[in-house]
1. Any residue at all in region 23-30 that's within 20 Å of residue 134 (Cα to Cα), away from the ligand (no atom under 11 Å from the Cβ) and in a helix (DSSP H, G or I)?
2. Report yes if some residue within region 38-59 is within 9 Å of the ligand (Cβ to nearest atom) and on the phi < 0 side of the Ramachandran plot; otherwise report no.
3. Tell me, please, whether a residue that is buried (at least 16 other Cβ atoms within 10 Å of the Cβ), in contact with a helix residue (DSSP H, G or I) (Cβ under 6 Å, 6 or more places away or on another chain), modelled with pLDDT of 95 or more and under 25 Å from residue 100 (Cα atoms) can be found in region 176-198.
4. Give region 61-99 a look and list any residue that's within 16 Å of the ligand (Cβ to nearest atom) and not in a helix (DSSP H, G or I), or say none.
5. Could you pull out every one of the helices (runs of 4 or more DSSP H) wholly within region 136-218 that has 3 or more residues that are touching a residue at least 40 places away in the same chain (Cβ under 8 Å), within 18 Å of residue 88 (Cβ to Cβ) and under 19 Å from the mean Cα position of the chain (by Cα)?
6. I need a count of the residues in region 40-60 that are outside any strand (DSSP E or B), farther than 19 Å from residue 109 by Cα and touching a helix residue (DSSP H, G or I) at 6+ places or on another chain (Cβ under 6 Å).
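The values are calculated or read from the model by the stated rules, or taken from the named source; none is laboratory data. Not measured: the values here are computed from a predicted model. Methodologically, a virtual Cβ is constructed for each residue, glycine included, from the backbone with ideal geometry; neighbour enumeration extends over all protein chains shown.
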Ligand code: COA
């Protein structure tokens, strides 16, 4: 099975992360495929909404930590990562996410770009960037404080405090919390509702609400520059080694 599954349900394009044996940790190839899928959907008039989904027990464990080690050695972040983040920020179609289980790192920050987030009761969102010696990414340092206020964004992005689905809803980054068994159906229903709206009005309203996309892209690039340097930090190297060599 491919690591990313792409399906079409009427006007909804579904992009599903499918590497459950590695908790949907994202490899460069997965970023590349997701970016291409979102770009293709943007060009397809038949697609009126995108749905990003994961596996039943995990949404996404963030960037593959083996790739972080390789990126630290090469001194470059990986073009597919930047391409994916830019594509997410520049996506002009409505984005819905269906989140079950852990959403870690970019698994959480990609949600901040979504228009609707439907979470199962099992969902947990967390960004342990700073404890790994890293930094917030994906434009999250700009978007999260806007969405949830500085103090709550600080708890999430800097202190690495996890948010349950209910806490995510209270913080304003989750729309609905549903039983795990209903997640796919409920998220698809939301995506279909959005797809059924007059699309020009919906597109213009979304653009107005999101503000300057260039500002978001500029923040993604600024974060990426600082992140790249932090990958080589003593703290990050130690955290990667500890995770990748742990004994269970
Ligand atoms: N990169 C690479 N491999 C990862 C990974 C990641 N981000 N997350 C999980 N995996 C791998 C594990 O190494 C393990 O592989 P193995 O079976 O070959 O040993 C497999 O996925 C299952 O992970 P495991 O930790 O056993 O699952 P869990 O259910 O106990 O815990 C998580 C799930 C997501 C909480 C945990 O895997 C985790 O903390 N992952 C790292 C998250 C992270 O720091 N991401 C980067 C943020 S910037």
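1. Yes, region 23-30 contains at least one residue that is within 20 Å of residue 134 (Cα to Cα), away from the ligand (no atom under 11 Å from the Cβ) and in a helix (DSSP H, G or I).
2. Yes, some residue in region 38-59 is within 9 Å of the ligand (Cβ to nearest atom) and on the phi < 0 side of the Ramachandran plot.
3. Yes.
4. 61, 62, 63, 64, 77, 78, 99
5. Details: elements: 140-148, 150-157, 165-171, 183-195, 199-210.
It comes to 140-148.
6. Final tally of qualifying residues: 2.
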